[in-house]
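Student: Structure provided below as structure tokens; questions to follow.
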Amino acid sequence: MNKKDKVLNKTECKLDEAIENIKSSKKRKFIESLDMQISLDFNQKSDQVIKNSLILPHSNDKKIILVAFVEKEFVEEAKNQGADFAGLEDIIEKVQNKTIKFNRVIVKSNLFSQITKLAKILGPKDLMPSLKTKTVVDNIFDSIKEHKSKRIIFKSDKNGNIGIKLGKTDHDSKNIKENFIFVLESIKKIKNSFNKSFLIKNVYLSSTMGKSFKITI
């Protein structure tokens, strides 16, 4: 079932009911992700793309392969805190040569200017560090731990849709619910370019290959 089918075959219900329906549905040969999609009332004529980050109450179990750009003397400590790759010139070279695979990048604030040369590589992959996503930081070690555990990064598409992984179908229902409510309340607090809150049109919950439920909010 593709994403389009999942939205077309939606059933409207309360959050608790949707979670239990998804968790009790036909089991796959793998543990599916449990995903939230938020549909915003977007004015496409203005620059309103949302890109931000949040620390979830509970881990969503997404595997983060993290690159940390730090000075040489901090490499070992960065790795001890969870960075998969750490360094500066040597890591820049590896990124340029595409010899390492990763899905998140953070950098110490004082080193940001040195990695701008990677913008053409990181930008198209939506991995270029920024202040909004808490990936340009002063306290690199605390940030590494956050990004490896509960911090998520999200971005709206051109139609105002935001997709966020809340967890997996074998996670505790209470944890899924708390993640859902936290994300929803956090999105409500974000302001658009006119300093107004975004209007949330619809919210959906689904598993990787399962039915999509429209949540009553």
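Student: Just the accessible area per residue of segment 53-103, please: how many Å² with a 1.4 Å probe?
Tutor: That works out to 56 Å² for each residue.
Student: Add -39500 (n - 2.57) for each DSSP H run of 4 or more in the chain, then divide by its residues: what number comes out at 222 nm, to the nearest 500 deg cm²/dmol?
Tutor: -8500 deg cm²/dmol
Student: What percentages, rounded to whole numbers, describe P(r) for segment 113-176 computed over all alpha carbon pairs with 5 Å bin width beginning at zero?
Tutor: The calculated distribution, bin by bin, is 3, 13, 17, 21, 20, 13, 8, 3, 1.
Student: List the trypsin sites (Lys or Arg not before Pro) in segment 134-179 that DSSP assigns to loop (not H, G, I, E or B) and whose Cβ has at most 11 other Cβ atoms within 10 Å. Which are they?
Tutor: Filter output for segment 134-179: LYS158.
Student: Among GLY167, GLY82, GLY123, whose mean-square fluctuation peaks in a Gaussian network model of the chain (Cα, cutoff 10 Å)?
Tutor: GLY123
Student: Pairs of alpha-carbon atoms within less than 8 angstrom and 6+ residues apart define the contacts here; what relative contact order does segment 131-217 have, in percent?
Tutor: Answer for segment 131-217 is 12 percent.
Student: If you don't mind, there's one more thing I want to ask. Let me know the whole percent of all Cα-Cα pairs from the chain that are separated by more than 22 Å.
Tutor: Percent of Cα pairs beyond 22 Å in the chain: 56.
Student: Would you mind pulling out the separation of the Cα centroids of segment 45-87 and segment 131-200, in Å?
Tutor: After rounding, the separation between the Cα centres reads 13 Å.
Student: At 0.36 nm per residue, and after removing the present C-alpha to C-alpha distance, how many nm does the segment from LEU131 to ASP41 gain when stretched out fully?
Tutor: The span from LEU131 to ASP41 would gain 29.9 nm if fully extended.
Student: What are the ³J(HN,Hα) values, in whole Hz, obtained from phi via the Karplus relation 6.51 cos²θ - 1.76 cosθ + 1.60 with θ = phi - 60°, for each residue of segment 209-215 in sequence order, with x given for Gly and Pro?
Tutor: 10, x, 5, 9, 10, 7, 8
Student: Collect residues whose amide H, placed 1.01 Å from N in the peptide plane, falls under 5 Å from the amide H of LEU166; neighbours closer than 5 in sequence don't count.
Tutor: Sorted by chain and number, the residues that satisfy this are LEU34, ASP35, MET36.
Student: What part of the accessible area of the chain, given as a whole %, is carbon or sulfur when the probe is 1.4 angstrom?
Tutor: 49
Student: Suppose the chain between LYS189 and LYS155 were pulled fully straight at 0.36 nm per residue; how much longer would it get relative to their current alpha carbon spacing?
Tutor: Net length gain for the segment: 10.7 nm.
Student: In vacuum, with every alpha carbon of segment 56-152 counted as one equal point scatterer, what does the Debye formula give for log10 I(q)/I(0) at q = 0.20 Å⁻¹? Two decimals, please.
Tutor: Here the Debye-derived log intensity ratios amount to -0.95.
Student: Go ahead and collect, in residue order, the members of segment 9-39 whose backbone nitrogen is under 16 Å from a label point 7 Å along the Cα-Cβ direction of ILE181.
Tutor: 14-20
The values are calculated or read from the model by the stated rules, or taken from the named source; none is laboratory data. Note that the structure is predicted; figures quoted are calculated from it, not measured. Reconstructed Cβ throughout: ideal geometry from the backbone, glycine too, with neighbour counts over all protein chains shown. Side chains are part of the model used for accessible areas, which takes the heavy atoms of the whole protein and leaves out ligands, DNA and RNA. Shrake-Rupley method; radii C 1.70, N 1.55, O 1.52, S 1.80 Å.
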